[in-house]
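The block underneath contains the structure these notes are about, expressed in structure tokens.
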Amino acid sequence: MIKTSAKQRAFSWYASLMACVLVLALGFGLAVPPAYADVRKADVVYGLTVDSRGLSVAQCPSIDAEYALVMDSEGTVYFERNADSPTQIASITKIMTALVALESAPLDTLITTSSRAATVGESSASLLEGDTMTLEIALKALLLSSGNDAAIAIAENVGRLLYEQGGGDASGLSETEAEAVFLERMNGRAAELGCTDTVFENPHGLDDGIWQGDQHSCAADVAIMAQAAMRNEVFRTIVATPNETIEVTRADGTKASLYLESTDEMLKNGFEGACGIKTGFTALAGPSFAGAANRNGVEMYAIVIHSTSEAQRFTDAQTLLDWVFDHTTEYRLVNTSQTASSNAGGSSDEVPVLAEVAHTGWIDRTVKATVADPDQVIDIFDLNGNISQSVEYEELEGNVHAGDKIGTLTFKQRNNVMATVDLIAAEDVDAPDLLEGIGVWWDRLFRGFSGQPSVAENVLYNETPLVIDKANA
């Protein structure tokens with residue numbers, strides 16, 4: 001007889017309910033929506049709602065999840081849907097379980113499976129009471145097959161170590177007391193990372209029956225946890241592994257091989273750049289996923305919670321990740337048709353001229369300005385709007401040599417500074433000598449009487465091409 005877990009029964013109940021709704025709808029001749037994925041006016045794109053940006057549906061990601069967020073490894077948030085709303089996160093909890101374990105104990109720490117851990121049920125790595133293994137092996141059981149048994153085993157054993165590190169004697173500590181120490185550290189670590197609405201009451205994420213309580217998080221906090229965990233190379237390696245066979249020592253001393261298969265379908269379906277990290281499902285959390293992809297050194301984390309099916313959660317994550325990568329583009333900073341011959345660096349080269357900066361020692365002389373790297377580009381998110389530039393010129397009085405800094409260009413996107421670039425002299429311009437200076441003084445005196453300019457004007461040639469042509473958006 002095949003046994004079904006409570007998790008499987010919950011999902012079967014959910015699927016049966018949806019099937020009944022479909023049958024009733026068809027029976028009464030009602031229209032049945034083909035999908036739940038949508039774009040909402042309240043969805044947030046790079047800090048502003050879809051509605052306030054005036055974005056079209058085609059410009060936005062159409063997803064099904066009730067809670068979602070996309071963030072890069074630097075913490076820039078590109079998309080949010082109810083990202084700060086509290087919700088259950090199921091086995092995504094195990095990201096923090098793994099992070100705390102990795103930060104608290106050596107990888108060769110011995111982990112022993114208690115009866116309590118072996119019989120927790122639901123997602124399992126097939127650990128038995130008395131099994132022993134290293135922490136590294138236990139983490140693979142935790143993260144690849146989403147083992148609730150491994151979660152409790154890790155919490156109990158590492159919890160004892162944490163208690164001893166705090167100066168206590170763990171010899172008389174019960175299993176639940178040891179786990180409580182570990183959970184305290186999980187909650188403390190979440191607060192340290194900046195999570196604002198996360199509570200851990202167990203290390204695995206179950207939320208019904210005996211596990212019913214206040215355990216919850218939100219998409220924004222999950223992204224922060226994912227970002228922190230993916231900085232750990234051991235964690236990264238494990239969650240990027242599609243499958244592996246581990247070896248544990250049974251209570252009788254024999255060795256047992258356990259096959260572990262990742263629950264992350266993005267690793268298996270060839271999604272570009274997929275590199276982890278953790279799935280989750282309970283009836284309250286719904287099908288959920290914290291996924292990551294790295295393309296050309298840029299890493300993104302897509303958090304989707306409470307999607308409508310286990311397959312849809314991966315579709316949602318892939319939609320979000322592709323959308324961000326598709327709208328991330330290189331923007332060239334130097335855009336000018338003006339050129340000049342420059343002898344900066346001892347060699348004569350044709351360089352772009354971005355500006356001409358007035359030399360205040362003269363009435364009509366300027367210094368041509370270029371940049372050290374004419375090919376410089378920056379990565380921008382095009383839906384955040386066009387690039388603007390502002391310039392600050394140095395006051396040039398004495399001798400100016402090719403290569404001297406003579407100004408600064410600042411590039412912004414919606415008032416966020418994207419880059420600053422030094423303007424450097426493309427030529428040598430000497431200050432007036434004594435006789436020339438006297439001539440300039442007299443010339444300025446007479447110009448003052450007639451209201452004529454006494455110094456040349458600064459000229460900016462560099463342009464900022466449109467990122468989005470609003471007429472065609």
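Backbone amide hydrogens, once placed in the peptide plane, bring Tyr67 within less than 5 Å of Ile305, excluding anything fewer than 5 places away on its chain.
With all protein chains in place and ligands, DNA and RNA left out, the 1.4 Å accessible area ranks Asp404, Asp43, Asp430 as Asp430, Asp404, Asp43, largest first.
With all protein chains in place and ligands, DNA and RNA left out, the 1.4 Å accessible area ranks Thr198, Thr339, Thr308, Thr113 as Thr339, Thr308, Thr198, Thr113, largest first. Accessible area per residue was computed with a 1.4 Å probe on protein heavy atoms; Val234 scores about 40 Å².
Would the stretch 230-332 count as rounded, prolate or oblate if I go by the C-alpha gyration tensor, calling it rounded below 1.5 in a/c and otherwise prolate when a/b exceeds b/c, oblate otherwise? Cα axes put the stretch 230-332 in the oblate bin.
Normalised by the number of residues in the stretch 375-473, the average gap of Cα pairs under 8 Å and 6 or more apart makes the relative contact order 28 percent. The structure shown yields Cα extents along the principal axes in Å, and of the options (1) 104, 68, 35; (2) 82, 49, 43; (3) 102, 62, 38 that calculated value carries the label (1).
Between the helical axis of 6-27 and the longest alpha-carbon principal axis of the chain there is an angle of about 80 degrees. Bin width 5 Å, origin at 0, all Cα-Cα pairs of the stretch 70-216: what percent of pairs per bin? Pairs per bin, as whole percents: 2, 10, 19, 23, 20, 13, 8, 4, 2, 0. Among the protein heavy atoms, those of Cys275 account for about 20 Å² of accessible surface (1.4 Å probe, every chain in place). Neighbours of Glu177, meaning other residues whose beta-carbon lies under 14 angstrom from its beta-carbon, give a summed charge of -3 when Lys and Arg score +1 and Asp and Glu score -1.
For the stretch 158-174, the Karplus equation 6.51 cos²θ - 1.76 cosθ + 1.60, evaluated at θ = phi - 60°, returns couplings of 6, x, 5, 4, 4, 5, 5, 5, x, x, x, 9, 7, 5, x, 7, 6 Hz by residue, with Gly and Pro reported as x. Here the calculated FRET efficiency for Ser115 and Asn232, from their Cβ-Cβ distance with R0 = 35 Å, stands at 0.70, rounded to the nearest 0.05.
Pairs of lysines in the chain whose Cα atoms sit within less than 28 Å of one another amount to 22, provided the residues are eight or more positions apart or on different chains. In the assembled protein chains, Trp211 presents an accessible area of approximately 50 Å² (probe radius 1.4 Å).
Taking θ as phi - 60° and the Karplus parameters 6.51, -1.76 and 1.60, the scalar couplings of the stretch 54-68 work out to x, 6, 7, 4, 5, 7, 10, x, 9, 10, 9, 4, 7, 10, 7 Hz in sequence order, x denoting glycine and proline. Taking Cα atoms, how many degrees apart are the long axis of helix 310-326 and the longest axis of the chain, rounded to 10 and kept between 0 and 90? Tilt relative to the chain: about 10 degrees.
Take the chain with all the other protein chains still there, run a 1.4 Å probe, and you get 47 Å² of accessible area per residue. Note on the stretch 209-288: the alpha carbon radius of gyration divided by the globular reference 2.2 N^0.38 Å gives 1.39. Taking the Cα atoms of the stretch 261-403, the ratio Rg/Rh between the radius of gyration and the Kirkwood radius comes to 1.29. Residues whose amide H lies under 5 Å from that of Gly407, counting only those 5 or more places away or on a different chain, are Glu394, Leu423; hydrogens are built 1.01 Å from N in the peptide plane. Each part gets one Cα centre, and for the stretch 339-418 versus the stretch 254-324 those centres are 45 Å apart. Counting only alpha carbon atoms, the long axis of helix 219-229 and the longest principal axis of the chain meet at about 90°. Dipole check for the stretch 148-244: with +1 at the C-beta of Lys and Arg, -1 at the C-beta of Asp and Glu, and the Cα centre as origin, the magnitude is about 440 Debye.
Accessible-area rank, largest first, for Ile63, Ile224: Ile224, Ile63, with all protein chains present and a 1.4 angstrom probe.
The values are calculated or read from the model by the stated rules, or taken from the named source; none is laboratory data. Here the structure is a predicted model, which is why all the values come from computation and not from measurement. Here Cβ is always computed from backbone atoms with ideal geometry, including for glycine, and neighbour counts include all displayed protein chains. These accessible areas exclude ligands, DNA and RNA; they are computed on the full protein's heavy atoms, side chains included. Shrake-Rupley method; radii C 1.70, N 1.55, O 1.52, S 1.80 Å.
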